[in-house]
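Student: The structure follows.
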Amino acid sequence: MEKTIDIICAGEVLIDFIGHEVNTSINRTKDYHRFLGGSPTNVAVNATRLGLKSVLVATCGQDGLGEYIVRKLKANNVITSQVRKSDTEPTSVIFVSKSTGTPDFIPYREADYQINQSQIPEELLESAKIFHTTCFALSKNPARTTILESAKKAKALGLQTSIDINFSERIWPDREEAKQVLREYLSTDPLVKLSEDDCYRLFSESKTEDYIFEYFHELGASTICLTKGKDGVVLSDKNCGMFHQKAAHIDEIKDTTGAGDAFWTGFLYAQLLNKDFEETITIAQKLAVLKLQNVGRLPEGINIQEYLNTNL
């Protein structure tokens, strides 16, 4: 079958209510602005800005926020045929503090994990190149079972799987269960993205780079990309070895929410173009920098492909 879809993003769609004041706790934040959110949702939206075709597999509520989500997705050219509106659960929302570091958040999860198998038909998998998800999406059933089964089918059909290990104990209190589920997903040899913060939360202590890479390689992942904030990026690939890249200098960070998603969209985009790992990381960092300099989404009125090409 012809590959008409670049990326299937399966997982959480929700509303981020991001605080208006910078570096203030949620306790002291008075005003919030509404944004389309959810890590796989961000990747799906970012991908279309890069000229890719993306499908979002997700569930929202049959409510005003769900209507807003679908409207925003369509406005951003994301294929919404696999977004289900639940009659019984409202749209999930997360309150987020605006931060130049790691933001604080309070989740109210309802519809986001109600993803069922009918939303990922085999014909959809056959038409795609990459199947991407997140740790957040795997944290609850029925989404967990749906995504694990679909990832295994995707692998068998020759798709490249991908995961952002955005682990948080607030989303997934049972660390040991999380590790078992990740073991199952990583058996599909996905491209793995994780941050130092993610690792600290998953292992509940600091671990060395060697430990992190060895741990995830042993679970079956060939390519692991570790983002380290101001300390740059380190990538370990079983066949090509290690790659280090310094963080790009930024004069003013306006908002960190979604920066990791921008980075990973750039990474997957570059991999679809068969770029080597050095250039892939460079493209990924460029997209993350653009996001860090803007509140909410990637800025409008800019050709992102052009921006990446002229700034390499």
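Student: Which of the following residues is under 20 Å from the mean Cα position of the chain (by Cα), surrounded by fewer than 16 Cβ atoms within 10 Å (Cβ to Cβ) and among the aliphatic types (A, V, I, L, M): Leu298, Leu292, Leu287, Leu273?
Tutor: That would be Leu273, the only listed residue that is under 20 Å from the mean Cα position of the chain (by Cα), surrounded by fewer than 16 Cβ atoms within 10 Å (Cβ to Cβ) and among the aliphatic types (A, V, I, L, M).
Student: Okay, next question. Among the residues of segment 194-222, write down those that are over 19 Å from the mean Cα position of the chain (by Cα), without any contact (Cβ under 8 Å) to a residue 24 or more places away in the chain and open to solvent by 20 Å² or more (accessible area, probe 1.4 Å).
Tutor: Glu205, Ser206, Lys207, Thr208, Asp210, Tyr211, Glu214, Tyr215, His217, Glu218
Student: Within segment 175-214, track down each residue that is among the aromatic types (Phe, Trp, Tyr) and under 24 Å from Ala151 (Cα atoms). Outline the logic, then answer.
Tutor: Of segment 175-214, the ones among the aromatic types (Phe, Trp, Tyr) are 185, 200, 203, 211, 213.
The answer is Tyr185, Phe213.
Student: Just name the residue that is least open to solvent (accessible area, probe 1.4 Å) out of those in segment 64-111 that are basic (Lys, Arg) and under 23 Å from Gly51 (Cα atoms).
Tutor: Lys72
Student: Restricted to segment 209-225, and to residues that are in contact with a helix residue (DSSP H, G or I) (Cβ under 6 Å, 6 or more places away or on another chain) and not in a loop (DSSP other than H, G, I, E, B), which residue is nearest to Lys246 (Cα to Cα)? Show your work before the answer.
Tutor: Of the residues in segment 209-225, the ones in contact with a helix residue (DSSP H, G or I) (Cβ under 6 Å, 6 or more places away or on another chain) are 212, 219-221, 224.
Next, only the ones that are not in a loop (DSSP other than H, G, I, E, B) stay: 212, 224.
On the way: Ile212: 19, Ile224: 17 Å.
Top of the filtered list is Ile224.
Student: Pick out the one residue from Ala143, Ala156 that is over 20 Å from Pro107 (Cα atoms) and among the small types (Gly, Ala, Ser). Walk me through how you get there before you give the answer.
Tutor: Working: Ala143 fails: over 20 Å from Pro107 (Cα atoms).
None of the other options fit; the residue is Ala156.
Student: Here's something else I'd like to know. In segment 80-125, which residues are in a loop (DSSP other than H, G, I, E, B) and of a type in the set (A, V, I, L, M)?
Tutor: Matches in segment 80-125: Ala111, Ile115, Ile120.
Student: Within segment 21-36, does at least one residue satisfy the condition of being touching a helix residue (DSSP H, G or I) at 6+ places or on another chain (Cβ under 7 Å), more than 21 Å from Asn303 (Cα to Cα) and surrounded by fewer than 16 Cβ atoms within 10 Å (Cβ to Cβ)?
Tutor: No.
Student: Please verify whether Ala262 is open to solvent by less than 30 Å² (accessible area, probe 1.4 Å) and in a helix (DSSP H, G or I), treating the condition exactly as stated.
Tutor: The answer is yes for Ala262.
Student: Here is a further query. Which residue pairs have Cβ atoms closer than 8 Å, lie 6 or more positions apart in sequence or on different chains, and pair a first residue in segment 273-285 that is in contact (Cβ under 8 Å) with a residue 12 or more places away in the chain and assigned to a helix (DSSP H, G or I) with a second residue that is open to solvent by less than 30 Å² (accessible area, probe 1.4 Å) and among the acidic types (Asp, Glu)?
Tutor: Partner pairs satisfying both residue conditions: Phe277/Asp237.
Student: Against the condition touching a Lys or Arg at 6+ places or on another chain (Cβ under 6 Å) and crowded, with 17+ Cβ neighbours inside 10 Å, how does Thr41 come out, does it pass?
Tutor: No; evaluated as a whole, the condition is false for this residue.
Student: Can you pull out the residues in segment 1-29 that are modelled with pLDDT under 95, of a type outside the set (Ser, Thr, Tyr) and either part of a helix (DSSP H, G or I) or touching a strand residue (DSSP E or B) at 6+ places or on another chain (Cβ under 7 Å) (or both)?
Tutor: Answer for segment 1-29, where residues must be modelled with pLDDT under 95, of a type outside the set (Ser, Thr, Tyr) and either part of a helix (DSSP H, G or I) or touching a strand residue (DSSP E or B) at 6+ places or on another chain (Cβ under 7 Å) (or both): Lys3, Asp16, Phe17, Ile18, Gly19, His20, Glu21, Val22, Ile26, Asn27, Arg28.
Student: Can I ask one more? Pull up segment 166-188, narrow it to residues that are open to solvent by 50 Å² or more (accessible area, probe 1.4 Å) and part of a loop (DSSP other than H, G, I, E, B), then point me to the one that is farthest from Leu219 (Cα to Cα).
Tutor: First, the residues of segment 166-188 that are open to solvent by 50 Å² or more (accessible area, probe 1.4 Å): 169-170, 173-177, 180, 183-184, 187.
When the remaining residues are screened for being part of a loop (DSSP other than H, G, I, E, B), the result is 169-170, 173-174, 187.
Numbers: Glu169: 21, Arg170: 24, Pro173: 21, Asp174: 19, Ser187: 6 Å.
Ranking the candidates gives Arg170 first.
Student: Looking at this structure, is Cys60 crowded, with 17+ Cβ neighbours inside 10 Å and touching a Pro at 6+ places or on another chain (Cβ under 6 Å)?
Tutor: no
Student: Evaluate the following for Phe243: is it closer than 20 Å to Trp264 by Cα, in a strand (DSSP E or B) and among the aromatic types (Phe, Trp, Tyr)? Before you say what the answer is, go through the steps one by one.
Tutor: Working: closer than 20 Å to Trp264 by Cα: yes; in a strand (DSSP E or B): yes; among the aromatic types (Phe, Trp, Tyr): yes.
Here the answer is yes, as Phe243 does meet what is asked.
The values are calculated or read from the model by the stated rules, or taken from the named source; none is laboratory data. Predicted, not measured: the structure shown is a model, and the values here were computed from it. All Cβ positions, even for glycine, are placed from backbone atoms using ideal geometry, and neighbour counts span all protein chains on display. Only protein heavy atoms, including side chains, enter the accessible area calculation; ligands, DNA and RNA are left aside. Shrake-Rupley method; radii C 1.70, N 1.55, O 1.52, S 1.80 Å.
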